[in-house]
Amino acid sequence: MNDYKSIGKRVMRRDAREKVLGEAKFTCDVYLPGMLHAKVLRSTLPHARIKSIDTTKAEALPGVRAVLTYKNTIDTLYNQAAALMEIAEGQTLVMDQKIFDNVVRFVGDEVAAVAADTVEIAEAAIKLIDVEYEPLPFYIDPLDAEKQDTVNIHADKLHLQSAHNVPGDPSHIKKGDIEKGFAESDEIVEVKFKIAPVKQMQMETHSAVASLEDDRITVYCSTQNVQVVRGQLAHIFKIPMSRITVKNPPYVGGGFGIRIGLSGKAEVIAIALALAAKKPVKYIYSRKEDLIASETRHGGYVSVRLGAKKDGTLTALEMKSILNKGAYTSHGGAIHGTLGVMNTSLYRIPNIDYYGYSVYTNTTPAGAMRGYGNPQGNMTVNRAVDMMAKRLGIDPLEMRRKNATGKGDEYMLPYPCTSSTLAGCMELGAKEIHWDKRAEYNLEKGRVRRGMGMGIGTHFSGGHPFVLDYENAFITVQADGSVSVATAASDIGTGCNTSLAQIAAEALNVPLKKVYLTYADTSSTPYGYGSHSSRSVFMHGNAIVEAAKNVKAQILEYAASLAGIESSDLEIVDGIIRTIDSSRRFPKNIYARRIFLDQEFTPLGDEEFYSSITFTELAHYAHSQEKQFMGLGSINNTNAPPWYCSFADVSVDMDTGRITLNNFVGVHDVGTVINPDCVEGQINGGNLQGIGYALGEALTYDERTGIQYVNEIQQYMQPTIMGTPDMGAYYVEEKEPNGPFGAKGLGETPCISPVAAIVNAVCNALDIDDDDIKVPLTPQVVLDMIKKNS
Amino acid sequence: MSLKKISFFLNGEAKDVYANPGDMLVDVIRDKLGLLGTKVGCKTGGCGACTVMLDGLAVNSCMIPVGKVAGKSVVTIEGVAENNELHPIQEAMMEDGAVQCGYCTPGIIVSAKALFDENPNPDSEDIHRALEGNICRCTGYIKVEEAIVKAASNIRKEG
Ligand code: FES
Ligand code: FES
C-alpha cells in the first residue's frame with residue numbers, strides 16, 4: 001500500500017526482550033530505601049455513617065508509622081477519573097470523592113490506611129482499628145435508587161445532581177422528528193437489555209510508590225496518563241504541579257480504562273501516608289481490592305425501538321439507557337453520552353431520540369472500561385437491526401450493507417466521517433466466517449442448534465470535542481545525531497512505545513534504530529493525555545509528526561546555510577541530508593571532528609565539497625557551533641472514527657443452554673496499520689474480552705448485604721486459553737486524512753461489537769426474537785430464553 | 001514468627017534464606033532474594049503470574065510455603081535463559097508479538113518451559129492444559145499459542 005520504511009512493518013516491540021527475560025519493571029518492582037508498606041481498612045457495609053473510629057491500638061503497634069482516617073487526612077473533594085483535567089469550561093464537573101469520608105457508600109469504600117515497616121505489620125494494624133457504623137439504607141439497582149422516596153447517596157452534593165441520585169447531566173440526542181419517523185415506518189421492533197457490570201481484570205492491580213525528595217513528591221504508579229494524575233494530585237494535595245513527578249516505571253500491566261486518571265486510591269493513599277510518615281510508601285491493591293473497590297464497566301438497562309420501511313430503509317431510532325454509576329461519579333456523563341452518540345451514528349436513520357443517564361447506587365463505582373459505554377448501546381442497537389431484518393425477511397448482512405453509515409455521511413458524532421472501510425470489512429468478515437453457510441446451519445433442528453450473527457460499530461480516536469484533548473511532543477536531535485522523542489504516552493501493553501517510535505522515524509526519515517522514545521514521565525515530557533480513548537497512536541502520533549516537521553525544518557535550514565543553498569534544495573533520506581540535484585555543496589571542514597565512532601559518516605575523499613551529510617555529522621557540527629535542533633509539536637481539535645465489525649458462529653445446546661463459539665472474526669478499519677503485530681494483538685485481546693463479556697463475565701451482589709459475590713479471581717469468568725475459540729483478526733486499510741500517516745484509533749474497538757455478534761448468533765440459532773435479553777448469556781439465561789420463547 | 005534457615009536451589013545455585021517457613025515462596029523470591037521477574041496477580045492461585053518450576057513442575061509460587069521447598073530446585077523466569085541464550089519460547093514470544101503488557105509473560109514462559117521439558121512435542125490440547133492456569137488479558141492467547149507451537153518446533157529441530 002505504501003513505500004514507508006518504518007510504518008506498516010512487523011517491527012519487534014522494544015520492550016519485548018526485557019519482558020521475556022523478567023527484567024521489565026512495573027510499579028510493584030519499585031523498592032526504595034526505607035520504604036514502608038500500606039494497607040487499607042475498607043467498609044464492610046454498603047452505606048453507613050461512621051459514628052466513631054478509634055485508631056489508638058493500631059498506632060501503638062510497633063512498626064506502624066502512620067495511621068490515617070477522615071479525621072486527619074486532607075479532605076479535598078475530587079474525582080478520580082481524568083475529568084478534573086478534561087472537563088471543558090461550561091460543562092458540569094462532578095467532584096464527589098474524598099480520600100476518606102465519614103460516610104461509606106459501598107462495601108469496600110476506604111475507611112482508614114496504615115503505613116508500617118512490613119506488609120504483615122500493616123495488615124495487623126488494620127485489624128486493630130475499631131469502627132462503629134450507623135447503617136443507612138442502600139440500593140443495588142439503579143431502578144431502585146432513582147425512586148424519589150429513597151435516601152440520597154450524596155445528600156450533601158445535591159447541586160451536582162440533575163435528578164434524585166443522578167449525578168451530572170443526562171444525555172439527550174435528537175434528530176428529525178421521532179414520531180414522524182415511526183409513523184412512516186412499516187414495521188417497528190423493540191428490545192430491552194439488562195447488562196451486568198464487568199471488570200477490566202488487567203493483570204497488574206492498582207499500584208503506587210510515593211516518596212518525598214527535597215520539596216518534591218515523586219510517585220511511580222500504574223496510571224494510564226501521568227500528566228493528568230499530576231494535575232489531580234496538585235488539586236488534592238494543594239501542591240504546585242511543578243513540584244510533583246508522576247511516572248510509570250515505565251511498564252503498566254494492562255489498563256483497559258481502569259486508570260484513566262488516578263489508579264483508584266493507590267496514588268493518593270501512598271502520598272498521604274508518605275507525607276504523614278515522612279518515608280517512601282508503597283501501596284499495591286490486592287486482587288480482592290481490585291475486584292470490590294476499583295472501578296467496573298457500567299451495568300444497567302438499555303432499550304431500543306426501531307422503525308423501518310418494508311424495503312429495509314430505517315426511519316426511526318429511539319434509545320434509552322439507565323446505567324448503574326455505583327457509589328461515585330468518576331467518568332460520569334461521558335459514559336452514557338458515548339453510549340448514545342456512537343450508537344445513533346452507526347446507521348443512516350433520519351429520526352433519532354436518545355435519552356440516557358446514570359444513577360448512584362451503593363455498589364462498586366463504575367468508571368471507564370475499554371469501549372467506554374459504547375458496547376452497552378452497540379449490542380442493543382445491533383440486536384434491534386437483526387430483529388428488524390428477520391421481520392422483513394432481509395439478510396442481516398444485506399440490511400447493514402444498505403443502512404450502515406459510510407464515509408462522508410452525516411451522523412451524530414461531532415467530527416466528520418473522514419474515512420471508512422466498513423463496507424470492505426463486512427465483506428471480508430462475511431467471507432472469513434462463511435456467512436453463506438448461515439441458512440444451511442439454521443436447518444439443524446436437533447439438540448444442538450447452530451447460528452451466526454454480526455454487529456458493526458464505530459468509536460473515537462481521542463476525546464475531542466467531548467472533553468479537552470490536546471497533545472504535545474518534543475523531538476531533540478542529540479549531538480551524535482540520535483533522536484530523542486518525548487511525549488506523555490503510557491504503554492499499557494498496546495506497544496505504543498514502538499509504534500510511536502516508528503512514526504517518528506518515518507516522519508524524520510531516519511532509521512528506526514536512531515529513535516528513542518521517552519514517555520510516561522511528567523518530568524521529561526510535555527503535558528498530554530496519555531493512553532486512553534484509543535488515542536495513543538492518533539494523538540501522540542500526530543503531535544510527534546508535528547514535532548518532526550518542526551525539527552526537520554530547522555535541520556534543513558541549518559544544512560542549507562552551510563551549503564549556501566535554499567532548504568528546499570535539500571532532502572533527508574535514511575538519516576542522510578543530501579542535495580536533491582546531487583550537487584556538491586557541503587564544505588569539507590564541517591565533517592572534521594569524528595568522535596561518535598559507532599555512528600554513520602560520509603566517506604570523504606580529496607574533494608573540497610560533498611553532496612550529503614549524515615545526521616551525526618550535522619548534529620555534531622551544530623553542537624560545535626553551540627546549537628541544538630529541538631522540535632515542538634502540538635495538536636488539538638481533531639478526531640477520526642474507526643469502524644469495525646464482528647462475526648460469530650455459535651452452537652447452542654438446547655438441553656444445557658451451553659454456547660459453543662465455533663468461530664469468531666473481527667475486522668477493523670484502523671486507517672493505516674503502523675505495526676501489524678500490535679494491531680493484531682489488540683484485536684485478538686479485545687475480541688476475547690468481548691467474548692467473555694457476552695458469555696460469562698459478571699459482577700454480582702448479595703441483595704441483602706450489599707456484599708460482592710465476586711471477590712477472588714477464581715470467581716470471575718474471564719476466558720482462559722481453554723475457553724478461547726478460533727478467532728481471526730483482520731483489517732482493511734485506508735488512510736485517515738487526520739491521522740499520523742493515516743492511522744486512527746484501535747485500542748478499544750475490538751471489544752465493542754463481539755457481544756452484539758454473539759447475541760445475534762444465539763438468537764439466530766434458536767430462531768427467536770427475544771425482546772428482553774440478559775447479558776451475559778450464561779447457560780441459565782439461555783435456558784430461560786429457550787423456555788420463554790417456546 | 002521465628003525465622004528458619006531454609007536451603008534450596010534457585011536457578012541452579014544453592015541458596016540459604018532466613019524466613020518463616022509459612023511465608024509464601026513468591027514473597028521470598030521477590031522480597032528477600034530480589035528476583036522481581038516473578039509477578040503477583042492474585043495471591044490466591046488463580047492467575048499464574050507467579051508461576052515457577054519446582055523440581056521441574058510448574059507451580060503457583062503464591063501457594064507454596066517456602067518451608068516446603070527445602071532441598072528442592074526452583075526455577076524462576078530469571079533462570080529460563082541459560083548462558084545468556086534465550087530459550088526458544090522467549091525468542092518466539094518476542095518475534096511473534098506474543099508479549100503485550102508483559103505482566104503475565106514470565107508466568108506463561110515458565111509454564112511453557114515446564115511443558116517443553118516434559119513433552120517437546122505438545123499438541124494443542126497439551127498446550128491448553130499446560131497454560132490453563134495462566135490468565136492473560138491482553139493477547140487473547142492467539143499469538144501466545146502460536147509462539148509455543150513455533151518454539152516447540154524449533155526445540156525439536158535443535159534437539
Ligand atoms: S499470584 Fe499466584 S496464581 Fe496469581
Ligand atoms: S500480556 Fe498483558 S496480561 Fe498477558
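Pick out the one residue from B:GLU85, B:GLU158, B:GLU125, B:GLU146 that is within 16 Å of ligand 2 (Cβ to nearest atom) and charged (D, E, K, R).
B:GLU146
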Test result for B:THR44, surrounded by fewer than 22 Cβ atoms within 10 Å (Cβ to Cβ), within 14 Å of ligand 1 (Cβ to nearest atom) and under 19 Å from A:THR720 (Cα atoms): yes
Right, A:VAL166: within 30 Å of A:ALA384 (Cβ to Cβ) and more than 14 Å from chain B (Cβ to nearest Cβ) or not? yes
Suppose we filter A:ASP144, A:ASP149, A:ASP169 for residues that are touching a helix residue (DSSP H, G or I) at 6+ places or on another chain (Cβ under 8 Å), under 27 Å from A:SER358 (Cα atoms) and open to solvent by 50 Å² or more (accessible area, probe 1.4 Å); which single one remains? A:ASP169
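What's the total number of residues in segment A:645-665 that are within 32 Å of the chain's Cα centre (by Cα) and either part of a loop (DSSP other than H, G, I, E, B) or of a type in the set (Val, Ile, Thr) (or both)?
Qualifying residue count, segment A:645-665: 5.
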Just one listed residue, out of A:ASN711, A:ASN687, is open to solvent by 20 Å² or more (accessible area, probe 1.4 Å) and within 13 Å of chain B (Cβ to nearest Cβ), and it is A:ASN711
Residue satisfying condition, being more than 14 Å from chain B (Cβ to nearest Cβ) and in contact with a helix residue (DSSP H, G or I) (Cβ under 6 Å, 6 or more places away or on another chain), within set A:ALA234, A:ALA266: A:ALA234
Among the residues of segment A:692-706, is there at least one that is within 30 Å of A:LEU500 (Cβ to Cβ) and either within 16 Å of ligand 2 (Cβ to nearest atom) or open to solvent by 20 Å² or more (accessible area, probe 1.4 Å) (or both)? yes
Among the residues of segment A:313-360, count how many are under 20 Å from A:ILE153 (Cβ atoms), out of contact with any Phe, Trp or Tyr (no Cβ under 9 Å at 6 or more places or on another chain) and β-branched (Val, Ile, Thr). 0
Given the conditions (1) in contact with a helix residue (DSSP H, G or I) (Cβ under 6 Å, 6 or more places away or on another chain); (2) over 30 Å from A:ASP215 (Cβ atoms), report the number of the one that A:GLY332 does not fulfil. (1)
Residue by residue through segment A:749-781, note down the ones that are of a type in the set (A, V, I, L, M) and farther than 14 Å from A:PRO375 by Cα. A:ALA761, A:VAL762, A:ALA765, A:LEU766, A:ILE768, A:ILE773, A:LEU777, A:VAL781
Mind listing whichever residues of segment A:473-498 are surrounded by 24 or more Cβ atoms within 10 Å (Cβ to Cβ) and part of a strand (DSSP E or B)? A:ALA473, A:ILE475, A:VAL477, A:VAL483, A:VAL485
In segment A:318-370, residues that are farther than 20 Å from A:GLU748 by Cα and among the small types (Gly, Ala, Ser) total 5
Test A:ALA122 against the criterion of being open to solvent by less than 10 Å² (accessible area, probe 1.4 Å) and assigned to a helix (DSSP H, G or I), and give yes or no. yes
Residue count for segment B:1-27, restricted to those that are open to solvent by less than 40 Å² (accessible area, probe 1.4 Å) and either more than 13 Å from chain A (Cβ to nearest Cβ) or more than 16 Å from ligand 1 (Cβ to nearest atom) (or both): 7
Within segment B:63-99, the count of residues that are open to solvent by 30 Å² or more (accessible area, probe 1.4 Å), under 21 Å from A:GLU204 (Cβ atoms) and away from ligand 1 (no atom under 16 Å from the Cβ) comes to 1
Can you work out which of the residues in segment A:499-527 that are surrounded by fewer than 24 Cβ atoms within 10 Å (Cβ to Cβ) and assigned to a helix (DSSP H, G or I) is farthest from ligand 1 (Cβ to nearest atom)? A:LYS514
Matching residues in segment B:65-84 (within 14 Å of chain A (Cβ to nearest Cβ), without any contact (Cβ under 8 Å) to a residue 60 or more places away in the chain and not in a loop (DSSP other than H, G, I, E, B)) number 2
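The values are calculated or read from the model by the stated rules, or taken from the named source; none is laboratory data. Please read all numbers here as calculations on a predicted model, not as lab measurements. Please note: Cβ atoms are built from the backbone with ideal geometry, for glycine as well, and neighbour counts cover all protein chains shown. The area values use the complete protein model at the heavy-atom level, side chains included, leaving out ligands, DNA and RNA. Shrake-Rupley method; radii C 1.70, N 1.55, O 1.52, S 1.80 Å.
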